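Heads up, the thing below is written out as structure tokens.
Read-outs: derived from the displayed coordinates by stated rules, not from any lab. Every value quoted in this text rests on a predicted model; they were computed, and no experiment measured them. Cβ atoms come from the backbone with ideal geometry, glycine included; neighbour counts cover every protein chain shown.
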There are 2 protein chains.
Amino acid sequence: MTTPTLRPGGRSARVQESIHSAVRELLEEQDRASVTVPLIAARAGVTPSTIYRRWGDLSALLADVALARMQPDNEPINTGSLRGDITTWAEQYLDEMTSEPGRCMLRDVQAALKPSYCATIIGSQLQTILDRYPDEPKPDVYHLTNLIAAPTVFRILFSEAPLEIEELHRLVEIALSQ
Amino acid sequence: MTTPTLRPGGRSARVQESIHSAVRELLEEQDRASVTVPLIAARAGVTPSTIYRRWGDLSALLADVALARMQPDNEPINTGSLRGDITTWAEQYLDEMTSEPGRCMLRDVQAALKPSYCATIIGSQLQTILDRYPDEPKPDVYHLTNLIAAPTVFRILFSEAPLEIEELHRLVEIALSQ
């Protein structure tokens, strides 16, 4: 490090962030099949070999970007009630995952070294909600994830149509009535 | 056709079957990452261009083989009760999908033109079970798939560990008590 104002690893982190940004921009602008390592490198202002050295190949880079995007920007919305918080979270999750970027994320992230990070992120979001209501009877995070997140994701990956909103509400009711 | 004993399309179907067999054998013998189109072609006794012409690329061929394997060999086991049939089917599905070939199938099949065929296959298996008990109150196939197949698949693709068998039984109970 030549300047004391930079954190250790700062340059490396900045290179990574510019590459991630380039991927996100390109995925918004054009079809995913036409996004290549040279295109990403040109947009990020690095050489293709920088990308190959760090990620190995395009699918590993896309998986890395997808995992980073899975990390939500905010805490789950606080509506004042357990049922309200879970319903709102579930509806938002269904919306986001069903969108075209969400679908791509779900596919890309499976190429990551740790796709299981997905369940960890979902679990920590749901735990945040549950912790707001210490005195209410409620399901555990494992069961809640199986009842709400799993059908949402399954229908996107392996079915004609996304999960129906009435079915989502029904699953929330089941989760809360156990 | 030169011999009248062959069905129309027989040659094409035989070529396809020998290529599918070659893929299945190679996937059992070696790591998936090391299976290539030239290897498959050599095993099947065709030229690589036969494969590229028909499937376009390796991932489309793997997806096609995975979809064909998804099709179960038999009807769901008949235990004499609705609860027994569904529990047995669910346990078998959990076992098969959690196995290494099952995991690969789930990943490969997403590259297929119609991964939604999965939900169709599952639905038809579950419908076969439900139709055996016309006079009992029971869930519909859509709800049953969401409660049982979805968490099984979700845990394989996006979690550290497969679905716990106790949780699977709990989900079956929920499905049958609606």
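The table below lists the values:
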item: Estimated 222 nm signal from helices in chain B, with DSSP H stretches of n ≥ 4 weighted -39500 (n - 2.57), rounded to 500; result: -20500 deg cm²/dmol
item: Other copies of A:Arg14: label-to-label distances in nm, shortest first, labels 7 Å along the beta-carbon direction; result: 6.7
item: For residues of A:152-164, the mean tally of beta carbons on other chains within 10 Å; result: 6
item: Environment charge of A:Gln127, counting only residues whose C-beta is closer than 13 Å and scoring Lys/Arg +1, Asp/Glu -1; result: -2
item: Projected label distance in nm at B:Ala161 and A:Ser81, using a 7 Å step from Cα toward the beta-carbon; result: 3.5
item: Of the DSSP H helices in chain B, those whose Cα atoms cover at least 15 Å axially and whose Kyte score averages 1.0 or more; result: B:58-70
item: Cα gyration tensor shape for region A:12-112, rounded if a/c is under 1.5, else prolate or oblate; result: prolate
item: Rounded, prolate or oblate (a/c below 1.5 giving rounded, otherwise prolate when a/b exceeds b/c) for the protein assembly as shown by Cα gyration tensor; result: oblate
item: Residue order, fewest to most beta carbons within 10 Å, for B:Arg53, B:Arg69; result: B:Arg53, B:Arg69
item: Within region B:91-165, GluC sites (Glu not before Pro) in DSSP loop having at most 15 other beta-carbon neighbours inside 10 Å; result: B:Glu160, B:Glu164
item: Average other protein chain Cβ within 10 Å of Cβ, residues A:136-143; result: 1
item: Taking B:Trp89, B:Trp55 and counting other C-beta atoms within 10 Å, the order from fewest to most; result: B:Trp55, B:Trp89
item: Extension gain from B:Ala33 to B:Thr128, taking 0.36 nm per residue of separation minus the Cα-Cα distance; result: 30.5 nm
item: 13 Å reach of a label modelled at B:Val15, 7 Å along Cα-to-Cβ, counting backbone N of region B:55-91; result: B:55-56
item: Length-normalised contact order for region B:10-56 - Cα pairs under 8 Å, 6+ apart - percent; result: 32
item: Three-way shape call for region A:72-177 based on the alpha-carbon gyration tensor, with the a/c threshold at 1.5; result: prolate
item: Order of A:Ile165, A:Ile40 - criterion: other Cβ atoms within 10 Å of each residue's Cβ, fewest first; result: A:Ile165, A:Ile40
item: 10 Å Cβ neighbours from other chains, averaged over peptide B:165-176; result: 2
item: Dipole-positive endmost among A:Ala22, A:His169, A:Ile156 within chain A (Cβ charges, Cα centre); result: A:Ala22
item: Convex hull volume per residue in cubic angstrom - Cα atoms of chain A; result: 146
item: Inter-copy separations for B:Asp57, label at 7 Å along Cα-Cβ, nm, ascending; result: 1.0
item: Sequence-separation-based contact order of chain A, relative, with Cα cut under 8 Å and 6+ spacing, percent; result: 19
item: Label 7 Å beyond Cα on the Cβ vector: B:Asn74 copy-to-copy distances, nm; result: 5.4
